[in-house]
Amino acid sequence: MLKGIDPRLNADVLYALRSMGHGDTVVLTDTNFPSEACARDTVLGELLRLENLTLAEATEAVLSVLPLDTFVDDFAMRMEIDGDPAKIAPVIAETQKAIDAAEGRPRPMVSVERFAFYDLAREAFAIIQTGERRFYGNVIFRLGVITPEE
């Protein structure tokens with residue numbers, strides 16, 4: 001156990017998040033996402049798991065150590081629902097609350113069409129599969145920076 005580190009984050013996930021640089025992306029997926037196949041194409045090249053957590057819980061844990069990018073609009077992306085791209089699924093609404101809490105203000109995610117989302121996932125630094133069983137529980141986060149202390 002490490003002081004100040006969310007105990008829901010395992011060593012493999014912490015290693016991947018620590019290895020990322022500004023602008024790199026990490027994907028959090030539900031259990032139905034083709035995570036294993038997409039993860040082979042990522043920078044890390046292997047699938048990571050937080051399978052005992054919902055998407056919102058995994059988001060809380062990841063964002064406890066990962067600063068989101070403040071220079072771009074696509075700092076957080078969600079997979080669109082087929083046939084209803086403007087609809088916000090409950091799983092995404094919960095995850096948005098976790099993002100807003102981590103950021104200390106509302107910062108809405110941008111939406112990405114499902115097949116474009118798969119392409120972005122393959123280009124990510126890493127993919128983390130959660131235990132989320134609800135459909136369309138997939139997000140991408142873009143790493144920001146930690147500013148120097150004054």
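Throughout, read-outs are computed from the coordinates displayed, never taken from laboratory work. In this text, all values refer to a predicted model and were calculated from it rather than measured experimentally. Cβ coordinates were reconstructed from backbone atoms using ideal geometry, including for glycine residues, and neighbour counts include every protein chain displayed.
Set Lys and Arg Cβ to +1 and Asp and Glu Cβ to -1, take the dipole of segment 25-132 about its Cα centre, and tell me which of 70, 81, 33 lies farthest positive.
70
With θ set to phi - 60°, apply the Karplus curve 6.51 cos²θ - 1.76 cosθ + 1.60 along segment 12-21 and write out the HN-Hα couplings as whole Hz, x wherever there is a Gly or Pro.
For segment 12-21, the Karplus curve yields 5, 5, 4, 4, 5, 5, 5, 7, 6, x Hz.
Could you sort the peptides 101-112, 31-42 by per-residue average Cβ neighbour count (10 Å cutoff), highest mean leading?
Sorting 101-112, 31-42 by mean packing, highest first, produces 31-42, 101-112.
Please turn the phi angles of segment 55-69 into ³J(HN,Hα) values with the Karplus equation 6.51 cos²θ - 1.76 cosθ + 1.60 (θ = phi - 60°), one per residue in order, whole Hz, x for glycine and proline.
Using θ = phi - 60°, the values come out as 4, 5, 5, 5, 4, 4, 5, 5, 6, 6, 10, 10, x, 7, 5 Hz.
Run the helix sum for the chain: -39,500 (n - 2.57) per DSSP H stretch of 4+ residues, divided by residue count, reported at 222 nm to the nearest 500 deg cm²/dmol.
So the calculated ellipticity at 222 nm is -8500 deg cm²/dmol.
Need one number: % antiparallel among DSSP beta bridges in the chain, to the nearest 5.
45 percent
So what is the relative contact order for the chain, in percent, with contacts set as C-alpha pairs under 8 Å and at least six apart?
Value for the chain: 45 percent.
Whole-Hz Karplus ³J(HN,Hα) for segment 37-51, in order, using 6.51 cos²θ - 1.76 cosθ + 1.60 and θ = phi - 60°, x for Gly and Pro?
Here the 3J(HN,Hα) series is 5, 5, 4, 4, 8, 6, 4, 5, x, 9, 7, 9, 9, 10, 6 Hz.
Can you work out D for segment 25-132 in µm² s⁻¹ from Stokes-Einstein, where Rh is the Kirkwood radius over C-alpha pairs, the temperature is 37 °C and the viscosity is 0.692 mPa s?
234 µm²/s
Subtract the Cα-Cα distance of residue 101 and residue 12 from 0.36 nm times their separation in residues, and report this length gain in nm to one decimal.
Roughly 29.6 nm would be gained on extension.
Run the numbers for residue 68 and residue 135: contour at 0.36 nm per residue of separation, minus the present Cα-Cα distance, in nm.
Net length gain for the segment: 21.7 nm.
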